[in-house]
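Notes follow the structure.
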There are 2 protein chains.
Amino acid sequence: MKVALIQQKYYGSREKTIEYSKNRVAEAARSGAKLVCLQELHTREYFCQSELVDTFDYAEDYQKDIEFFSSVAKECEVVLVSSLFEKRASGLYHNSAIVFEKDGSIAGKYRKMHIPDDPQFYEKFYFTPGDIGFEPIDTSVGRLGVLICWDQWYPEAARLMALSGASILIYPTAIGWFDDDSFEEKKRQKEAWMAVQRGHAVANGVFVCAINRVGFEEDSSDKNRGIRFWGSSFVYGPQGEEIAIGSEDGEEILYFDYDQKRVEDVRRIWPFFRDRRIDAYGEITKRYRD
Amino acid sequence: MKVALIQQKYYGSREKTIEYSKNRVAEAARSGAKLVCLQELHTREYFCQSELVDTFDYAEDYQKDIEFFSSVAKECEVVLVSSLFEKRASGLYHNSAIVFEKDGSIAGKYRKMHIPDDPQFYEKFYFTPGDIGFEPIDTSVGRLGVLICWDQWYPEAARLMALSGASILIYPTAIGWFDDDSFEEKKRQKEAWMAVQRGHAVANGVFVCAINRVGFEEDSSDKNRGIRFWGSSFVYGPQGEEIAIGSEDGEEILYFDYDQKRVEDVRRIWPFFRDRRIDAYGEITKRYRD
């Protein structure tokens, strides 16, 4: 089955940006993709660079966004992974991935469980941590382990999705550099980001893909230095093998063949699930073993 | 603090092999190493290529091995991580790492928790899975997260050691290729082995090192094709940065500087422990979520 990852930039407004995304989804569908994945919070700029109460207005578009991407999925006849700013109630918002069936219906939702808070990634201000757990989403193209960005640093999230039968993990992402960081620091950060997710692929015998934003975005509060999103969307196979890696600075559609038989084959030679010491893992649920 | 990893081959007998190891530990100590780590089951050939009851005789040397490596640690004044075939009772054996203090006393023991069983890696025949859990070992050079080979595929083991305050993970290892595997398969296997452990370094903000056997070893039962151990012992830093990688086919002592401040610095910019969803990880202790 052909899968497409849409790596794109922000086009200065919601309208232009979602129009661009729609055209890319259509292009991917024409190329034969049955599953198309968009990046994190893809309808807007990455707005968490500063803490501004007015930005919650963006979440007022949540229902409109759902209607729009539902129609895109239906028109293009693809399963579509979107990433939206969910308003649940006044003062209660989530960073959520909505998965649409190829008929436009909602196949399922995932609410980002791990919420970062670093300088210019002030997500704890905007998003309540997810409360619907690590549950894969069943679709006509298979059971999808949809997680979001900061979740990618947590082996527990990947493991729980794999133990629930997801044989592909999909991470819509918005991660980038500050221009004043050194070349070496930038290299370490990007390699770490790829390495930890490649590790999830190996440990669980699953496909892992990340769809990352690209391009430089200024901070809308004008207080900060802006973020250069590093693209480099990727796919690793169930043995951790490199399947596709996108460019650091350009828009791109990455395609790959999602072959479930490969999962079966790899797990037969490396049956890690067989030997898990579930009798000895209990303290994983402690904050710290002190 | 300077650390040394001794990557070596098997010298045809226990006596020659441990003599070689002793000389390398002494060399590392002269070079200033305070912590020296040996590979998995380093006193012998990798004997799990076949299932032979007579091989249990090797474990009769367990006490002698302890005395020998205790004296090596004491003479060289280093903390020494060894990996031995432990006889606990008739019919009850473990694959165990013994850590010696620089005065020759035993600092602690780890019994391999995850036991593989693949063609020519028939460890389930020889070793009972460990029953003393994932507990780091306190030494005069720090708290060491000692794990063994097959454990390296399990993020849970790495996590539990890190949550117990280990800021370095040490994996004595015996992993290799079959010569009749394709170049591509060999590449995937070795890269997967490195990737999953690099992932542990990133996810936990710890140093990770593996000490692997090198050289071709025939199967002593003459039934099988032998294993070519791929060396490539390595060290990754707490941001997953590559610090040292050994050769695929030669003996080597790898040195690196174990800088605990680096752990502190990396965890300040990437505080993954802060955001773990321990409320939602409970099902990690299930065999499968079905």
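Whole-Hz Karplus values for segment B:243-251 come out as 10, 7, 9, x, 6, 7, 9, x, 6 Hz, taken residue by residue from phi with 6.51 cos²θ - 1.76 cosθ + 1.60 and θ = phi - 60°; glycine and proline positions read x. Note on segment B:2-276: dipole from Cβ charges, positive end direction compared against B:Gln63, B:Gly133, B:Ala97; the farthest Cα belongs to B:Gly133.
Looking at the protein assembly as shown, I'd like the Rg to Rh ratio, where Rg is from alpha-carbon atoms and Rh is Kirkwood's inverse mean 1/r. Kindly include the intermediate steps, with their values, before the conclusion.
Details: Rg = 25.0 Å, Rh = 24.8 Å.
Rg/Rh for the protein assembly as shown comes to 1.01.
Checked against a 25 Å cut-off, the cross-linked pairs A:Lys261/B:Lys186; B:Lys2/B:Lys261; B:Lys2/B:Lys124; A:Lys186/A:Lys286; A:Lys112/A:Lys286; B:Lys16/B:Lys64 give Cα-Cα distances beyond that limit for B:Lys2/B:Lys124; A:Lys186/A:Lys286. Roughly speaking, to the nearest percent, how much of segment A:2-276's 1.4 Å accessible area is carbon and sulfur? So the carbon and sulfur contribution to the accessible surface is 47 percent. For the set A:Asp219, A:Asp103, the ranking by accessible area, highest first and with no ligand, DNA or RNA atoms included, is A:Asp103, A:Asp219 under a 1.4 Å probe. The rotation axis taking chain A to chain B passes closest to this chain A residue's Cβ, listed with the gap in Å: A:Gly199, 1.
Taking a ≥ b ≥ c as the square roots of the eigenvalues of the alpha carbon gyration tensor, chain B is rounded, as a/c is under 1.5. With the whole protein complex present, A:Lys186 retains an accessible surface near 40 Å², based on a 1.4 Å probe. For A:Gly215, the residues whose amide H sits under 5 Å from its own are A:Phe229, A:Gly231, ignoring neighbours fewer than 5 places away on the same chain, with H placed 1.01 Å from N. Calculated mean residue ellipticity at 222 nm for chain A: -8500 deg cm²/dmol, from DSSP H runs with n ≥ 4 weighted as -39500 (n - 2.57), summed, divided by the residue count and rounded to 500.
Let me know the mean shielding of A:260-271 by other chains, meaning the per-residue number of their Cβ atoms within 10 Å of its Cβ. Spell out each step's value before the answer.
Numbers: counts 0, 0, 0, 0, 0, 0, 2, 0, 0, 4, 5, 3.
That works out to 1 on average.
For A:Lys102, the aspartates and glutamates whose Cα falls under 12 Å of its own Cα, not counting residues fewer than eight places away in the same chain, are A:Glu75, A:Glu77. Using C-alpha pairs below 8 Å separated by at least 6 residues, the relative contact order for chain A is 18 percent.
Given a 1.4 Å probe and heavy atoms of the protein chains only, how would you sort A:Phe134, A:Phe68, largest accessible area at the top? Please report the intermediate quantities before stating the final value.
On the way: A:Phe134 5, A:Phe68 45 Å².
Final ranking, largest accessible area leading: A:Phe68, A:Phe134.
Reported to the nearest whole Å, the Cα centre-to-centre distance from segment A:1-25 to segment A:217-290 is 21.
Accessible area per residue of chain A at 1.4 Å probe, in Å²? Could you put the intermediate results ahead of the total?
Values: 10380 Å² over 290 residues.
The answer is 36 Å² per residue.
With a ≥ b ≥ c taken as the square roots of the eigenvalues of the C-alpha gyration tensor of segment B:180-290, please select rounded if a/c is under 1.5 and otherwise prolate if a/b is larger than b/c or oblate if it is not? It would help to have the intermediate numbers written out before the result.
On the way: a/c = 2.98, a/b = 1.46, b/c = 2.04.
It is oblate, given that a/c is not under 1.5 and a/b is not larger than b/c.
Counting Cβ atoms of other protein chains within 10 Å of each residue's Cβ and taking the mean over peptide A:187-193 gives 5. Summing Cβ point charges (Lys, Arg +1; Asp, Glu -1) relative to the Cα centre of chain B gives a dipole of roughly 1000 debye. Excluding residues fewer than 8 places away in the same chain, name every one of the lysines whose C-alpha is closer than 16 Å to that of B:Lys187. Excluding near neighbours in sequence, the set is empty. Computed with a 1.4 Å probe on the full set of protein chains, the accessible area for A:Tyr10 sits at about 60 Å². Peptide A:149-160 is shielded by partner chain Cβ atoms: per residue, an average of 6 of them sit within 10 Å of its Cβ.
Kindly compute the accessible surface that chains A and B hide from a 1.4 Å probe when together, both sides summed, and give it to the nearest 100 Å².
On the way: alone 13140 and 13150 Å², together 20770 Å².
Accessible area lost upon association: around 5500 Å².
Backbone geometry of segment A:50-57 corresponds, through the Karplus equation with coefficients 6.51, -1.76 and 1.60 at θ = phi - 60°, to 3J(HN,Hα) couplings of 9, 9, 10, 4, 4, 5, 4, 3 Hz, x marking Gly and Pro. Amide H contacts of A:Gly176 (H built 1.01 Å from N, in plane; Pro and chain starts excluded): A:Trp230 sit under 5 Å, all sequence-distant by 5 or more or on other chains. Taking θ as phi - 60° and the Karplus parameters 6.51, -1.76 and 1.60, the scalar couplings of segment A:119-129 work out to x, 6, 10, 7, 6, 5, 5, 9, 10, 6, x Hz in sequence order, x denoting glycine and proline. A point 7 Å from Cα along Cα→Cβ stands in for B:Gly250, and the other copies hold the same point at 4.0 nm, listed in rising order.
For segment A:1-97, the dipole from Cβ point charges (+1 on Lys and Arg, -1 on Asp and Glu) about the Cα centre works out to 480 debye, to the nearest 20. Largest accessible area first, the listed residues B:Lys87, A:Lys112 line up as B:Lys87, A:Lys112 when surface is computed with a 1.4 Å probe on the assembled protein chains. Solvent-accessible area of A:Thr55, all protein chains in place: 10 Å² (probe radius 1.4 Å, heavy atoms, ligands and nucleic acids excluded).
The values are calculated or read from the model by the stated rules, or taken from the named source; none is laboratory data. Here the structure is a predicted model, which is why all the values come from computation and not from measurement. Note that we place each Cβ from the backbone using ideal geometry, even for glycine, and neighbour counts take in every protein chain shown. Accessible surface is based on the protein model in full, side chains and every heavy atom, while ligands, DNA and RNA are left aside. Shrake-Rupley method; radii C 1.70, N 1.55, O 1.52, S 1.80 Å.
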